[in-house]
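We did not get these values from a lab; they are worked out from the coordinates using the rules stated. All of these numbers come straight from a predicted model, not from anything done at the bench. Quick reminder, even Gly has a Cβ in these numbers, built from the backbone with ideal geometry, and neighbours come from all protein chains shown.
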Protein chains: 2
Amino acid sequence: MVPLAAAPSRRSGAGPAAPRAPGRAVTLRDVAAEVGISQSAVSMALADHPRIGQPTKDAVRAAAARLGYVPNSAGRALRAGRSSSIAVVVPNTGQHVFGHLYFMHLLVGVTAEANARDVALMVSTNPDESHGVAAYERVLRSRAASGAIVASASINDPNVKRMAEAALPVVLIGRFPHLPQAVSVGVDDVAGAEQITRHLVEEHGLTRIAHISGPLDHQQPVDRYEGFRAGLARSGRACTHSLAIGDFSEESGRAAARQILDSMTDVQAIFAANDEMAYGALLEIRARGLRVPEDVALAGYDDFGVSRLTTPGLTTVHVPAEDMGRLAAAQLFRLLDGTAPEPAQSVVPTRLVLRESCGPHAG
Amino acid sequence: MVPLAAAPSRRSGAGPAAPRAPGRAVTLRDVAAEVGISQSAVSMALADHPRIGQPTKDAVRAAAARLGYVPNSAGRALRAGRSSSIAVVVPNTGQHVFGHLYFMHLLVGVTAEANARDVALMVSTNPDESHGVAAYERVLRSRAASGAIVASASINDPNVKRMAEAALPVVLIGRFPHLPQAVSVGVDDVAGAEQITRHLVEEHGLTRIAHISGPLDHQQPVDRYEGFRAGLARSGRACTHSLAIGDFSEESGRAAARQILDSMTDVQAIFAANDEMAYGALLEIRARGLRVPEDVALAGYDDFGVSRLTTPGLTTVHVPAEDMGRLAAAQLFRLLDGTAPEPAQSVVPTRLVLRESCGPHAG
DNA sequence: CACTCCTGCTTAAACGTTAGAGCAAACGGG
DNA sequence: CCCGTTTGCTCTAACGTTTAAGCAGGAGTG
């Protein structure tokens, strides 16, 4: 059959850069009509198929560029059976500054890896802790994203468990020792907390020390508390310690500090499980007319960017959220490629960040 | 034709909750086979089409729930000609904490509005200021997202201009007075800067005052500088002022403060065009043994969450980024619905936030 | 010169969805 | 009892892509 010379007068001549009707997108068909070959030939030409002649390829590429052809992602996804995007699932967004920054760092890392693969990124929020079928499950089952990175799930989130069992392409952020089959990227919080605790005890000689923990149904606070106790034990010094529980919020940190300062009047140092609670503690300590670090030393955890800004600067443990995002994305791509990530559960190291809140640096 | 009683033994009986082969997604065909009707009937039943009988609808919904059917988004997008997601485009991610927080606030707002519409969110980054065809154009032309919200474009970004002219469904964050046809959501920075400037002058009597501006090829710094001058003029007092230019970074703010303190030794107040530069100025002032606010009062702009944490707390102008995100999304949806947003260029008001850095509050 | 093989394309099918057209049966009115 | 209307579904086509299969013509081989 004769190539049918394009549909009735869609393009007048061969004038360059005269895009179609505004609303209409340029498809393979348009490029094909432009070049005078079939649309599959165009597809193959753009894919650099060996069975397409070089002159044709050149002509196709020129025409595609001229018309501004961009492959329709829905068409591709449908044909391929998988979309070219991944999702990042963040919990209900009711958090505050510190939590925001965590996700932003994570996102930066994920984005970097996704960009390198030319993969689009979707951000999905888990409306509530248990809004029936979780958002990510809908995202995955609708094939809108071919894989997901789930940030900050509760230690016993039923969705997470089900997901891991269903072998969906999901990477969890955090340690999930109870789900060995799940692919996860966690932080070595035990080591991090131990390191900072030992710093307080061994370098600064502070042996009366309190810990403000987060809710103990999450792995992270559990690990940090464990590291705290391990640090005390391994310091080789006799320490007195106490524990108060917060919920990672500044206000709860302040309340916890209140409780500690009331009950342990000779406390020398407070180590909070995150910077936000540490900041709350700072406010409480100050409100009592005490000085940091002279009267009470203070340490936090996370270092997502604001612990630097307080006065005094907050000594803390740096959690490499950006690296974690990058690693999580890499693991997810391995999962999608079919190659099971070598250690399903990877753990990244932390870094002790010394500032002024723990006292003068040792010479 | 007889309904063909499902494909060979895919489901044994009617046992509930027995999902298909792990990898295979559940499609309309599966539900149709389960119920014993055609797939289009299933589609119509799920869409609550009036021409489908109630018993059939019930049966279909039950079967869909039982099998865990989730519509394939690629299929839908392809058929509908538009995807059910929108994109948020953020500039190259090389920014620091403050910038991160801005986007996070914005994202929270956009997410809220998108969730209400059951629309997915893509996050795309503009690799470089001019990476050939911009990321968002690819996203839009590939129909991966049906609209985009572009955060923080330069005042004379050629892509933005072209996009506005091409009438793509895009909402710009920021004021774009030169592009009247573009839909944008901006901040009333002139008013905000005027207000804080007048506060410094009128309430605190600080008449020797310097402004640290951002790069003047962006609308925001221009507006804030204009507001600064307007504030001085309208204060009704004779003021001496000076100007230094930074790039919104902490370090540049510090450098600008250095320049100001060197050249204007009797400066009483510094108003920086964002909190990050104000923090840099704070460091410089302190390094010189001067006190804030006793020796030099300080004010910033943005209030994305960290200006509260410094000591002294930073007096600043609150930019309602979350509201802007929500509004931008709403505008985008209006655009996609075909109803042109009433005022194409909307401007949200700011709020003065008084903290300690500007001096003691007037009783 | 007949044959095989290669080259370079075309045709067709499929992915999952939706919607308009079509059609059989039931139902009501005359 | 027959015809028109309504009801409730089925059939088909289309969205844009990729790819397997097919096919015409030319080149090379016997």
Once phi for every residue in segment B:189-197 is put through the Karplus expression 6.51 cos²θ - 1.76 cosθ + 1.60 (θ = phi - 60°), the whole-Hz ³J(HN,Hα) values, with Gly and Pro written as x, are 5, 4, 5, x, 5, 5, 4, 6, 5
Dipole magnitude of chain B about its Cα centre, charges +1 at Lys/Arg Cβ and -1 at Asp/Glu Cβ only, in debye to the nearest 20? 1900
How long is segment A:233-363 along each principal axis, judged by its Cα atoms, biggest number first, in Å? 59, 33, 31
Starting from 0.36 nm per residue, how many nanometres of slack lie between residue B:361 and residue B:262 once their C-alpha separation is accounted for? 32.8 nm
Which distance in nm do the two modelled labels at residue A:62 and residue A:286 give, with both placed 7 Å along the Cα-to-Cβ direction? 6.9
Quick calc of log₁₀ I(q)/I(0), chain A, Debye, one scatterer on every Cα, no solvent, q values 0.06 1/Å, result -0.35
May I ask you to work out the translational diffusion coefficient for the protein assembly as shown at 25 °C, viscosity 0.890 mPa s, via Stokes-Einstein with Rh from the Kirkwood sum over Cα pairs, reported in whole µm²/s? 86
Calculate, for residue B:49 and residue B:251, the FRET efficiency according to 1/(1 + (r/R0)^6) with r their C-beta to C-beta distance and R0 45 Å; round to the nearest 0.05. 0.15
Quick one: label points 7 angstrom along Cα→Cβ at residue B:247, distances to the other copies in nm, smallest first? 4.3
Total charge of the residues flanking residue A:205 in space, meaning their Cβ is under 15 Å from its Cβ, with Lys and Arg +1 and Asp and Glu -1, is -2
Relative contact order of chain A (C-alpha contacts under 8 Å, at least 6 apart) in percent is 16
Which value in deg cm²/dmol, rounded to the nearest 500, describes the helix-derived mean residue ellipticity at 222 nm for chain B, given -39,500 (n - 2.57) per DSSP H run of n ≥ 4 and division by the residue count? -12000 deg cm²/dmol
Going 7 Å from Cα along the Cα-Cβ axis for the label, what nanometre distances separate residue B:262 from the same residue across the other copies? 5.4
Please list, in order along segment A:27-33, the HN-Hα scalar couplings obtained from phi with the Karplus expression 6.51 cos²θ - 1.76 cosθ + 1.60 (θ = phi - 60°), rounded to whole Hz, x for Gly and Pro. 10, 4, 4, 5, 5, 4, 4
Taking residue B:40 in one copy and the same position in all the others, each labelled 7 Å out along Cα→Cβ, what are the pairwise distances from the first, in nm, shortest first? 2.6
Counting sequence-distant residues (5 or more places) and residues on other chains, those with an amide H built under 5 Å from that of residue A:272 are A:212, A:299, A:300
Axis proximity, chain A to B: residue whose C-beta lies nearest, plus whole-Å distance: A:311, 2
Roughly how far apart, in whole Å, are the Cα centres of segment A:21-61 and segment B:237-277? 57
